[in-house]
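Just below is one structure, and these are the notes that go with it.
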Amino acid sequence: MAKIGVQAMMLKDSFTELGAFETLRKVSAIGYNAVEISQIPMTPENVAELDRSRTELGMDIAALSVALDTPKGIPGDSLKDDFDKIVGDARRLDSKLLRIGMLPFAAMKSLDGVVDFARRANGYAERLQEHGIGLYYHNHHIEFAKFDGKYMLDVIADHSPAMGLEIDVHWVQRGGLDPVRTIDKYAGRAAMIHLKDYRIGQLPESAFGLLESGNIMGFMADFKNVVQFAEVGEGNLDFPSIIQHAQAAGAEYLLVEQDELYGRTVWDALQTSYDNLVAMGHADLF
């Protein structure tokens, strides 16, 4: 049975302010008992507090985030420079899943760059398998660009057979595909699914001010940019079907994430997603 947890990218400010343990205490108090670590420095202090959250809070450290090469401006470890440390942290935290959160910017320039990334990632995935650890790739919308009629995500998957996929349903929708059918397509290969809703927001009042002043282009820019991230159940995605198909596809973790909060606190957003998921009948997955 899959377990619902939280993607910690949305908690990075709290990790800085409160520390890893106290942040996860608040996560646990809402009702979440699993977390995927992302954009959190894996310092000895943070690793120790993550380990403490396992023993004292019963928190499941579902997955850790890695990059192929050390990223600029984003905290985290790289498989190139920190392989042994990553394996050691994963073993200490009993995390058997690692995930690459984004295609390297340089690889986005060309098909050759995408293929090179996939092949390098596959090499690391094979090495990690020797340690009992799986490597997964998280999609955004850019992976649904086509090369000669083939989605970039399929190019990555075809050239990295040892690497699995982490399907983000919001980004699938934003990429123009159906999340349920996409989960079905990668059944058996997607151990993690990101639960992130897709909402069409309201036009801001300022857009109508632009219209009244004759700035049609400004109004149309606001008109085109009403797509929002949303708490689970607060947008337009069919989460009962998504969760049903994710479980049938073999997903181990369903991770709540919201990239932008539009003035709400992260705690209010997580509570709303939790309440809605419980109302959908998924209390047993927490």
* Quick one: what do you get for segment 62-182 if you divide its Cα Rg by 2.2 N^0.38 Å? -> 1.04
* Structure fact -> Among GluC sites (Glu not before Pro) in segment 83-159, those in a DSSP loop whose Cβ has at most 12 other Cβ atoms within 10 Å are 130
* Asked: Starting at 0 and stepping by 5 Å, how many percent of the alpha carbon pairs of segment 21-77 end up in each bin?
  -> 4, 20, 28, 23, 14, 8, 4, 0
* **18 Å tail of the calculated P(r), segment 76-146, as % of Cα pairs** => 40 percent
* Structure fact -> Links exceeding 28 Å between C-alpha atoms in this model, out of 96/196; 3/26; 109/185; 85/146; 12/72; 146/224, come to 85/146
* To do: Return the calculated 222 nm mean residue ellipticity for the chain, to the nearest 500 deg cm²/dmol, obtained by summing -39500 (n - 2.57) across DSSP H runs with n ≥ 4 and dividing by the residue count.
  => -13500 deg cm²/dmol
* Asked: By its C-alpha gyration tensor, with a ≥ b ≥ c as the square roots of the eigenvalues, how is segment 152-286 shaped: rounded for a/c under 1.5, else prolate for a/b larger than b/c, else oblate?
  -> oblate
* Non-local amide H neighbours of residue 201 (under 5 Å, H modeled in plane, Pro and chain starts lacking H): which ones? -> 227, 228
* Asked: Restricting the count to DSSP beta bridges whose residues both fall in segment 154-286, what percent are antiparallel, rounded to a multiple of 5?
  -> 35 percent
* Asked: For segment 61-115, what value does the Rg/Rh ratio take when both radii are computed over Cα atoms and Rh is the Kirkwood radius, given to two decimals?
  -> 1.03
* Asked: Of all the Cα-Cα pairs you can form in the chain, what percent are over 30 Å apart?
  -> 32 percent
* Asked: So, in nm, how far is label residue 78 from label residue 26 when the simple model puts each one 7 Å beyond its Cα toward the Cβ?
  -> 3.2 nm
* To do: Could you give the C-alpha radius of gyration of segment 1-139 expressed as a fraction of 2.2 N^0.38 Å, taking N as the number of residues it contains?
  => 1.06
* Asked: Stretched out fully, how many nm does the piece from residue 54 to residue 244 gain, at 0.36 nm a residue minus the Cα gap?
  -> 65.6 nm
* **Average projection area in nm² (convex hull over Cα atoms of segment 177-237, one quarter of hull surface)** => 5.3 nm²
* To do: Starting at the first residue of segment 144-153, write each ³J(HN,Hα) from the Karplus equation 6.51 cos²θ - 1.76 cosθ + 1.60 with θ = phi - 60°, in whole Hz, x for Gly and Pro.
  => 9, 5, 10, 10, 6, x, 10, 4, 4, 4
* Asked: For segment 72-82, in order, what is each residue's ³J(HN,Hα) by Karplus, 6.51 cos²θ - 1.76 cosθ + 1.60 with θ = phi - 60°, in whole Hz (x at glycine and Pro)?
  -> 8, x, 10, x, x, 9, 10, 5, 5, 9, 10
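FYI, it's all coordinate maths here, none of it is from the lab. Please read all numbers here as calculations on a predicted model, not as lab measurements. Glycine also receives a Cβ, built like all others from the backbone with ideal geometry; neighbour counts cover every protein chain displayed.
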